[in-house]
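*Asks:* Attaching a single structure in structure tokens format; questions to follow.
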2 protein chains.
Amino acid sequence: MNELLDYFKQTISISSEIENKLSEVIKEKTFVKGEIILSDNSIKKEHIFVASGCLRSFYKTENGKEYTIQFAINNWWISDYMTLYSDAKSSISIESLTPSKVFILDKNNVDKLYKEHPAFEAFQRKNFEKRIAILQKRILSLLTLSASEKYDQFLKDYSDFEKIIPNYQIASYLGITPQSLSRIRKERIRN
Amino acid sequence: MNELLDYFKQTISISSEIENKLSEVIKEKTFVKGEIILSDNSIKKEHIFVASGCLRSFYKTENGKEYTIQFAINNWWISDYMTLYSDAKSSISIESLTPSKVFILDKNNVDKLYKEHPAFEAFQRKNFEKRIAILQKRILSLLTLSASEKYDQFLKDYSDFEKIIPNYQIASYLGITPQSLSRIRKERIRN
DNA sequence: CACAAAAATGAATCTATGGTAATAAATTAA
DNA sequence: TTAATTTATTACCATAGATTCATTTTTGTG
């Protein structure tokens, strides 16, 4: 059972020839809760597809503070886009918040895939368009919203799995402290 | 003289047949300083390429506050990505900060282009990768940096044309008030 | 279960940045 | 050039959210 192939097949038709090739380059891995999938000193250029479980990508400052870039569940991609697509050396880690199963694709293999199968390129181009819109929206949120409003937005955007994620990580996604988030939550219970 | 064609030709080879087709769908427009290129109630889905001058895209809240999403000069793209690529109705405007010359491509025409000429799709896919890395980087800046540090980053990222942009717009890009920016600048002169 | 570790909450300051308002400087228009 | 308008600066007070530190609650493990 390969959820990634299923995911592709939802949108593009895949010949058995392509399917075989894909199966060769897709690496399936499973992780336990808390396990690190990609560490911040890695130079690996990989695309990560989540089949099950919940993952988180985050940046860690010199003094140990963590900032969450993204959460991801079933059928989401999560990767270190700065390492993948720019020369900026980033220090992003990806960890598994729950037991998880992921499929990992090496950048080189994906690049080959684009060349050999234009349908993948089109597929990915559309994916990227969606991602750009999402990132843009997040930037606007960060610019315009208060802590409480950002939390609202988060609850809406991640309603599917908000409950799995510890509050201190939600706070690190919103750019606020766990204490602030706690205060906001308290306020809400009152009202 | 069509700078957009030159821009394409830097990366992909363009037959005279494609060139003709492109010339048909590329609309050249010039704007004076302060002119609005795309207004926030427009539903137009357009890609905008800057040939000369400096443009700015921004979001305006109900109470009139402006938040700058992006600046763009020569050979940059600037568009309302949320309108282009998601159903989220956004209220983004694009204005010309200087006299400018731009090329406008309708979304439909671009989509056709992808279908008919895979090289464009590949080209755009790579563009999008870069853009994703840039947006990711901005999100990290907004999450981790102080006002002063964000200003530093801005001066680095936009060093080419920092001087053209009024400070109150820089402030709106950083997510701070003009007064705060002024304070930061004063500090720097002192030191 | 019981203990240890991690996470969440709470309360008391502190501080960076916001808001307001007045003035000065710069730009634009006449 | 001058007047009008826009932008930038300054100062003073207000406040959202940070920081610090203690306490409680939850989660994980032998």
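The values are calculated or read from the model by the stated rules, or taken from the named source; none is laboratory data. Treat the numbers as computed from the prediction; the structure is a model and nothing was measured. Don't worry about glycine lacking a Cβ; one is built from the backbone with ideal geometry, like all the others, and counts go over all protein chains shown. Just so you know, the surface numbers come from the protein's heavy atoms only, side chains and all, with ligands and any DNA or RNA stripped out. Shrake-Rupley method; radii C 1.70, N 1.55, O 1.52, S 1.80 Å.
*Asks:* Among A:163, A:45, A:150, which one shows the highest mean-square fluctuation when chain A is modelled as a Gaussian network with alpha-carbon springs under 10 Å?
*Replies:* Maximum fluctuation in the GNM of chain A, among the listed residues, is at A:163.
*Asks:* Quick one: with all protein chains in place, what share of the accessible area of the protein assembly as shown is carbon or sulfur, to the nearest percent (1.4 Å probe)?
*Replies:* Reported share for carbon and sulfur atoms: 50 percent.
*Asks:* Treating cross-link reach as a plain straight distance, find the lysines whose alpha-carbon is under 20 Å from the alpha-carbon of residue B:163, omitting any fewer than eight places away in the same chain.
*Replies:* By straight Cα distance, residue B:163 reaches B:33, B:101, B:150, B:186.
*Asks:* From the Cα trace of the stretch A:3-106, what convex hull volume per residue do you get, rounded to a whole Å³? Let's see the in-between values first.
*Replies:* On the way: hull volume 10.3 nm³, N = 104.
Spelled out: Cα convex hull of the stretch A:3-106, divided by residues, is 99 Å³.
*Asks:* Percent relative contact order of the stretch B:36-148, based on C-alpha pairs within less than 8 angstrom and at least six residues apart?
*Replies:* Over the stretch B:36-148, the number comes to 30 percent.
*Asks:* While we're here: Checking the cross-link filter: which aspartates and glutamates have an alpha carbon closer than 13 Å to that of residue B:89, excluding same-chain neighbours under 8 positions apart?
*Replies:* B:40, B:80
*Asks:* Hey, can you find the accessible area per residue of chain A for me, probe 1.4 Å, expressed in square angstrom? Mind showing how you got there, number by number?
*Replies:* Numbers: 9620 Å² over 191 residues.
For chain A, the per-residue accessible area is 50 Å².
*Asks:* Could you give the C-alpha radius of gyration of the stretch A:63-191 expressed as a fraction of 2.2 N^0.38 Å, taking N as the number of residues it contains?
*Replies:* Compactness ratio reported: 1.23.
*Asks:* Now for a different question. Need one number: convex hull volume per residue for the protein assembly as shown, Cα atoms only, in Å³.
*Replies:* 165
*Asks:* Where in the stretch B:114-151 does the amide nitrogen come within less than 19 Å of the point 7 Å from the Cα of residue B:24, taken along Cα to Cβ?
*Replies:* Under cut-off, by backbone N: B:114-121.
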